[in-house]
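Structure first, then comments.
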4 protein chains.
Amino acid sequence: MKLPADKTAIVLIEAQNDFLSPGGTMYQYIADQLAKRGVINNLKSLLDGARGKVKIIYVPFQAFKPGFPELKPGGPGTEGLRGIEMEMKADWGTGAWVEGTPGPEIIEPLKPKAGDILVRGKLTLDAFHSTALNYLLRANEIEHVAFTGFHTNWCVESSARSAYDLGYRVIVINDCTATDTDREQLYAEEVIFPRIGTVMSSKEFLGAIS
Amino acid sequence: MKLPADKTAIVLIEAQNDFLSPGGTMYQYIADQLAKRGVINNLKSLLDGARGKVKIIYVPFQAFKPGFPELKPGGPGTEGLRGIEMEMKADWGTGAWVEGTPGPEIIEPLKPKAGDILVRGKLTLDAFHSTALNYLLRANEIEHVAFTGFHTNWCVESSARSAYDLGYRVIVINDCTATDTDREQLYAEEVIFPRIGTVMSSKEFLGAIS
Amino acid sequence: MKLPADKTAIVLIEAQNDFLSPGGTMYQYIADQLAKRGVINNLKSLLDGARGKVKIIYVPFQAFKPGFPELKPGGPGTEGLRGIEMEMKADWGTGAWVEGTPGPEIIEPLKPKAGDILVRGKLTLDAFHSTALNYLLRANEIEHVAFTGFHTNWCVESSARSAYDLGYRVIVINDCTATDTDREQLYAEEVIFPRIGTVMSSKEFLGAIS
Amino acid sequence: MKLPADKTAIVLIEAQNDFLSPGGTMYQYIADQLAKRGVINNLKSLLDGARGKVKIIYVPFQAFKPGFPELKPGGPGTEGLRGIEMEMKADWGTGAWVEGTPGPEIIEPLKPKAGDILVRGKLTLDAFHSTALNYLLRANEIEHVAFTGFHTNWCVESSARSAYDLGYRVIVINDCTATDTDREQLYAEEVIFPRIGTVMSSKEFLGAIS
């Protein structure tokens, strides 16, 4: 497989402390997977190797104000995963993605660098439902979208499914994604991603850019 | 759980011959699951019990012209599942969802009846990306969307994920969905749906409408 | 301006009897503009000249069942233009876009021909909110979208505005659009379209395809 | 008209220096309209009167990095209005919405206050195409969306058109919107907004909340 560099972008979803750093609200659940699969190092190598060749687009989750005034108590925005995350405990307090805490900050080893694009405002699982991701990809005439980040089967998968429906050619760089369990990681890699795109490793991706 | 009837809708995805009837392009893969889980009967009972109480919205896949002139050969629309389906063999020829074949017709026992809404034009996995489903739900002031149909982990799940992101309260009626394998059905029921909504049986759903 | 034929599509919005034929619900309002600007003939020449060179995509409005059971009485779907159209009188009864009447049929001189794409399901002003238009454009690797049809300042403009936001290069073929009054036609042509795309005549468009 | 306070939100679009303050890139074009129609004062009175009763949602345009690395030179993102704005001169340099300049900051008299919602990431004319606006409105169970801000016929109108298509009941508070000329302001107020919603003054809006 050959990937034309000027038509390809890496999308990195939610590389933030609440997921990836000790003390973060959801770190304890994903820590084993991150460690055993070397995901942060893989991502660092991927970004270092790809920067300057393909566009790198960061899509962090957007911080809420303390107390979540943006979401009506009991409203549909407090159901499911979002509601669970609002109750989770971090070392720095209760609730994920709270402004003023370290939770929403992008982790140190993966900070964006000059030329990277930082997309603001993500509040939904699927990045396309709450950000300018589609606009920025099309403004850059991107056709191949390589998804990375967290969690494999939630925000990465929801966004990758939509990318397929929006007419992109989808790639998932599997060693640069992680989620809480083997079951979820393997299911997404084996069942879902191969039927909406191409699954490859970070080395394969870097080798395919031309 | 109580579901206000005037704020609730059932969405039935792709109850069509290519999936559900002998001779259809994809029937052989799902036949065992349909039979052992009694899905068509469950759906019939659900619709018969719910009709007149809640809105029933059909979202079939839209037929292509023979030869698929709508999708550029080699273009992104021929990748992944869509490309696979274009090559599949039915008793009536090659390719799923071909106009003029029985494939795209809704199966006899589940034909829409007076008062049901029939949504046209679905060409993507996620119904919200290619139809008026969101418009029709909001035009009817629906807040609770109960997904049913095929396949559990593809079009049903993609649509349910988007419904969550669009601010609906999501229900999946599990005995009225099916896919090709236990692994996929159970994963969707156990891992994904409970975190974006409520999983219930058709009997539980009918009992919850008030 | 040069337009690469394989990256360009014509989108024709709502070329249907309810707008364009004597007896249609809204014909009386647009009849003078159609006649004095020769719009149907211009469209016929455009399609005849472009067919086989660029993709031609029809986006008719989707028919409602008699009595509009798809839209809750008093709900948000009955406000504004939609509500007005539900009350309009045609020679064949009350209400625009009613299934079983001639209203939703595409007018005779502009019937789709082999190779044209027919998009189903449009129920909103902006075609992108209720159809697979974006999917089909991207599946065909289209970058330049040339809008035509009716009404200039409603469905054509709403769709053209969205096309701009979705990262297409927008064209409006002005002599192939019409609306009810000079004020609306000129405002759209002079103020809006030049800032979201390129306004050109059908002859200029045909001359620009290469 | 009665507006239920818990189902109603005010959306304020792009109340930022580049539009509204002397020295801003586009201030000179709108200055007369702002002054003669008293728009900033009207907005201040509206927000002061409505705060604590209805949700107030700010949707500023998102800043670009200096040099606009987010938009590929010559790509579709540099066409039309966006391209024009990239070349405009402010007292503080060239280009609208540049990070590190005063341009993207919300103007002093209209700064958000506690309880207001600030939506991030807007890069398109239509706020719904690049932000979580739909998600946040639905998460708050909003049915009536009252648009205000700048420019009447661009971002306000594109967003209001989409809101109509997304099944909201649309309001435009006309004395809290402005654009560059009488022609544009009056056309939007007289022709477009009454057919997708209700046009009212800030006093009428405050009087209608119950």
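In region B:115-154, the residues that give up 50 Å² or more of accessible area when the other protein chains are added, compared with the chain on its own (1.4 Å probe), are B:Arg120, B:Leu123, B:Leu125, B:His129, B:Tyr135, B:Arg138, B:Ala139, B:Glu141, B:Trp154. Remark on B:Ala178: its backbone amide H falls under 5 Å from those of B:Gly149, B:Thr152, a criterion applied only to residues 5 or more positions apart or on other chains, H modelled at 1.01 Å from N. Can you pull the percent of Cα pairs in the protein assembly as shown with separation above 47 Å? In whole percent, the share of Cα-Cα pairs in the protein assembly as shown beyond 47 Å is 17.
Taking all protein chains into account, the per residue accessible area for chain C stands at 33 Å² (1.4 Å probe).
For region A:71-126, the alpha carbon positions stretch 41, 27, 16 Å along the principal axes, listed from largest to smallest. For region C:1-53, state which trypsin sites (Lys or Arg not before Pro) are in a DSSP loop and have at most 10 other beta carbons lying within 10 Å of their beta carbon. Here the sparse-neighbourhood loop sites are C:Lys2.
Can you pull out the buried accessible area for chains C and B, both sides counted, probe 1.4 Å, rounded to the nearest 100 Å²? Counting protein atoms only, the buried area is about 2300 Å². Distance from the Cα centroid of region D:177-210 to that of region B:43-120 is 43 Å (rounded to whole angstrom).
With respect to chain A, whose longest principal axis is taken over its alpha-carbon atoms, helix A:39-50 is tilted by about 40°. Relative to the compact-globule estimate of 2.2 N^0.38 Å, the Cα radius of gyration of region B:1-77 comes out at 1.45. Over 13 Å apart: what share of the alpha carbon pairs of region B:102-151 falls there, rounded to a whole percent? Here the tail beyond 13 Å accounts for 70 percent of pairs. Closest approach to the axis carrying A onto D, counted by Cβ on chain A and given in whole Å with its residue, is A:Gly121, 1.
Here the Karplus relation 6.51 cos²θ - 1.76 cosθ + 1.60, evaluated at θ = phi - 60°, turns the backbone of region A:158-175 into coupling constants of 4, 5, 5, 4, 5, 4, 4, 6, 8, x, 8, 8, 9, 10, 10, 8, 5, 7 Hz, with x for every Gly and Pro. Taking only the Cα atoms of chain C, the radius of gyration and Dmax are 16.3, 50 Å.
Taken over region A:1-132, lysine pairs spaced eight or more positions apart, or on distinct chains, with alpha carbons under 24 Å apart number 29.
Mean per-residue shielding of peptide B:78-90 is 2, counting Cβ atoms of other chains within 10 Å of each Cβ. Taking the inverse of the mean reciprocal distance over all distinct Cα pairs, the Kirkwood hydrodynamic radius of region C:29-121 comes to 15.4 Å. Close amide H pairs (under 5 Å, H built 1.01 Å from N) link D:Ala90 with D:Gly95, residues at least 5 positions away or on another chain.
Take the solvent-accessible surface of the protein heavy atoms, probe 1.4 Å, and return the percent of it on region D:29-127 that carbon and sulfur atoms account for. Walk me through the intermediate numbers first.
On the way: 2180 of 4120 Å².
Carbon plus sulfur share of accessible area: 53 percent.
Only the Cβ atoms of Lys and Arg (+1) and of Asp and Glu (-1) were treated as charged; on that basis the dipole of region A:11-134 about its Cα centre amounts to roughly 460 debye. The phi torsions of region D:12-25, fed into the Karplus equation with coefficients 6.51, -1.76 and 1.60 and a -60° offset, translate into couplings of 10, 9, 6, 8, 10, 4, 4, 8, 10, 10, x, x, x, 4 Hz, rounded to whole numbers, with Gly and Pro shown as x. Taking Lys and Arg as +1 and Asp and Glu as -1, the other residues whose beta-carbon sits under 11 Å from that of C:Arg138 total -1. With label points defined 7 Å past Cα in the direction of Cβ, position D:Pro69 shows copy-to-copy spacings of 3.4, 4.7, 5.8 nm, given to one decimal and shortest first. Under 14 Å of direct C-alpha separation, and excluding same-chain neighbours fewer than eight residues apart, B:Lys203 reaches these aspartates and glutamates: B:Asp48, B:Asp175. Each residue of region C:114-127 was assigned a 3J(HN,Hα) from its phi angle through the Karplus expression (A = 6.51, B = -1.76, C = 1.60, θ = phi - 60°), giving 3, x, 6, 9, 10, 9, 9, x, 4, 10, 10, 4, 7, 4 Hz with x at Gly and Pro. Looking at the calculated P(r) for region A:98-210, what percent of the C-alpha pair distances fall above 24 Å? It works out to 26 percent of all Cα pairs.
How many Cβ atoms of partner chains, on average, are near each residue of D:163-176 if near means within 10 Å of its Cβ?
4
The values are calculated or read from the model by the stated rules, or taken from the named source; none is laboratory data. Bear in mind the structure is a predicted one, so any value in this text is a computation, not a measurement. Here the Cβ is made from the backbone with ideal geometry for all residues, glycine too, and neighbour counts use every protein chain on show. Only protein heavy atoms, including side chains, enter the accessible area calculation; ligands, DNA and RNA are left aside. Shrake-Rupley method; radii C 1.70, N 1.55, O 1.52, S 1.80 Å.
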